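Report on one structure; see the data block that follows.
The values are calculated or read from the model by the stated rules, or taken from the named source; none is laboratory data. As the structure is a computational prediction, the values presented were derived from the model and not from experiment. So basically every Cβ, Gly included, is an ideal-geometry build from the backbone, and we count neighbours across all protein chains shown. To get the accessible areas, we keep the full protein, side chains included, count just its heavy atoms, and leave off ligands, DNA and RNA. Shrake-Rupley method; radii C 1.70, N 1.55, O 1.52, S 1.80 Å.
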Amino acid sequence: STQREPMQTRGEHFPDAAGYVGFANLPNQVHRKSVKKGFEFTLMVVGESGLGKSTLINSLFLTDLYPERYIPGAAEKIERTVQIEASTVEIEERGVKLRLTVVDTPGYGDAINSQDCFKTIIQYIDNQFERYLHDESGLNRRHIVDNRVHCCFYFISPFGHGLKPLDVEFMKAIHSKVNIVPVIAKADTLTLRERDRLKRRILDEIAEHGIKIYQLPDADSDEDEEFKEQTRVLKASIPFAVIGSNQLIEVKGKKIRGRLYPWGVVEVENPEHNDFLKLRTMLVTHMQDLQEVTQDLHYENFRSERLKRAGRAVDEDVMDKDQILLQKEAEVGPHRPMLQTFSCSTLEHSYRIIQDLKKKKSKCVDHRP
């Protein structure tokens, strides 16, 4: 009875202690640990110059990632190669820290010959996988920095009639390495009918060319109706037609971010004007899923392929040694009888010499005085 008293004393603080173990509190522990550690996310933006990529990123995260950006002239762009510019910013909101890295790709699609313009981008994505694999295989794995690209916003021009050949080739080249989210840039240049027609055309071409874009996961059956409706709306909005602006404009006594035209104001955060809010909602509510797909699908594909290549290299080395032995065997084979005869005759000759020496030695001993 004395051993049970501490349990009874504790139970006084918890009226429902009977049958209560406490593991229902585990999610709170994970939450506290995650908040303390902070989150890491890497977003890549790819698209031709002048489509508003930098403006949109600044609008999404309410920060200025490109304070002193240099825009090259047409003459410089002729032979310009694609560059990789990674900008990291620490964002804190209500005690939650996010280490956001935005990878920009200036020069993409600018040169006259854009045939190989995405090789630099693919190499960068693979290098981040390689670095993570190296760190993961090392001795100290406690503080691995995850710089793998979790999501790629691919900006599509609103001025064409769908995807360009460069768009198709690029997305096919990276769709097995990163989560692609197609974005129609500068959507305020399109009427509502033109926007819907362009969205349908892009989706048809994506399916026709077998391009795999990021698929939003279905809402679970036990989720509330509001979340289910939100997921349905987000799925129906792909590709997201967006506008960006860092200017604050006063409309009806309220300051909003938007673009002022002679005929009126386009509001960035108005869902009737564009899909900006939907894109931001998708990114924020599915950030964890984007990271999980990167880890479980794209990184695992890279890792298994990398290990296969390493295994093939070892096998080839063993095969090379076996091949050398077989080659030597083939060279020696025709001469083997002759070598055996030569070996036997040599042994016989040596035996005779030894015997002769023994006889001479014995004679010398017999003739001693």
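Could you list, in sequence order, all residues of region 75-91 that are in a loop (DSSP other than H, G, I, E, B) and either at pLDDT 75 or above or of a type in the set (A, V, I, L, M, F, W, C) (or both)? Walk me through how you get there before you give the answer.
Our first condition is that a residue be in a loop (DSSP other than H, G, I, E, B); within region 75-91, this holds for 78-84.
Listed by number, the residues that qualify are Ile78, Val82, Gln83, Ile84.
Inspection of region 184-192 identifies at least one residue that is in a helix (DSSP H, G or I) and touching a residue at least 60 places away in the same chain (Cβ under 8 Å).
Taking each residue of region 29-57 that is over 15 Å from Val102 (Cβ atoms) and at pLDDT 70 or above and looking for partners that are of a type outside the set (Val, Ile, Thr) and exposed (fewer than 12 other Cβ atoms within 10 Å of the Cβ) with beta-carbon atoms closer than 9 Å, six or more apart or interchain, yields Gly38/Glu90; Gly38/Glu92. Residue-level check: of (1) modelled with pLDDT under 85; (2) more than 30 Å from Arg257 (Cα to Cα); (3) aromatic (Phe, Trp, Tyr), Tyr70 misses just (2).
Kindly check whether there is at least one residue in region 336-356 that is assigned to a helix (DSSP H, G or I), touching a Phe, Trp or Tyr at 6+ places or on another chain (Cβ under 7 Å), modelled with pLDDT of 60 or more and not acidic (Asp, Glu). Outline the logic, then answer.
Pass one, region 336-356, residues assigned to a helix (DSSP H, G or I): 336-356.
Now narrow it down to the ones that are touching a Phe, Trp or Tyr at 6+ places or on another chain (Cβ under 7 Å): none.
Within region 336-356, not a single residue is assigned to a helix (DSSP H, G or I), touching a Phe, Trp or Tyr at 6+ places or on another chain (Cβ under 7 Å), modelled with pLDDT of 60 or more and not acidic (Asp, Glu).
Looking at Lys308, Lys235, just one residue is charged (D, E, K, R), without any contact (Cβ under 8 Å) to a residue 24 or more places away in the chain, open to solvent by 20 Å² or more (accessible area, probe 1.4 Å) and closer than 28 Å to Glu40 by Cα, and that residue is Lys235.
Candidates in region 230-247 are the residues that are assigned to a helix (DSSP H, G or I) and hydrophobic (A, V, I, L, M, F, W, C); of these, the one that is nearest to Phe153 (Cα to Cα) is Leu234. Inspection of region 221-230 identifies no residue that is closer than 18 Å to Leu51 by Cβ and either of a type outside the set (S, T, N, Q) or at pLDDT 95 or above (or both). Between Phe227, Phe170, the distinction of being part of a helix (DSSP H, G or I), over 22 Å from Asn274 (Cβ atoms) and open to solvent by less than 10 Å² (accessible area, probe 1.4 Å) belongs to Phe170 only. Of the residues contained in region 283-294, one or more are found to be touching a Cys at 6+ places or on another chain (Cβ under 6 Å) and either assigned to a helix (DSSP H, G or I) or not β-branched (Val, Ile, Thr) (or both). Taking region 142-158 as the range and being under 10 Å from Ala185 (Cα atoms) and within 15 Å of the chain's Cα centre (by Cα) as the test, only Tyr154 passes.
When region 97-151 is examined, which residues are found to be among the β-branched types (Val, Ile, Thr), within 20 Å of Tyr214 (Cβ to Cβ) and in a loop (DSSP other than H, G, I, E, B)? Can you show your working first?
Applying the first criterion (among the β-branched types (Val, Ile, Thr)) to region 97-151 yields 101-103, 105, 112, 120-122, 125, 144-145, 149.
Filter again for within 20 Å of Tyr214 (Cβ to Cβ), leaving 101-103, 105, 121-122, 125, 149.
Thr105, Val149 - these are the residues of region 97-151 that are among the β-branched types (Val, Ile, Thr), within 20 Å of Tyr214 (Cβ to Cβ) and in a loop (DSSP other than H, G, I, E, B).
Name the single residue, out of those in region 173-188 being under 15 Å from Glu48 (Cβ atoms) and out of contact with any Phe, Trp or Tyr (no Cβ under 6 Å at 6 or more places or on another chain), that is surrounded by the most Cβ atoms within 10 Å (Cβ to Cβ). Please lay out each step first, then the result.
Keep residues of region 173-188 that are under 15 Å from Glu48 (Cβ atoms), which gives 182-186.
Checking which are out of contact with any Phe, Trp or Tyr (no Cβ under 6 Å at 6 or more places or on another chain) leaves us with 184, 186.
Numbers: Ile184: 23, Lys186: 21.
This residue is Ile184.
Under the condition of being hydrophobic (A, V, I, L, M, F, W, C), open to solvent by 30 Å² or more (accessible area, probe 1.4 Å) and outside any loop (DSSP other than H, G, I, E, B), the residues counted in region 248-275 number 5.
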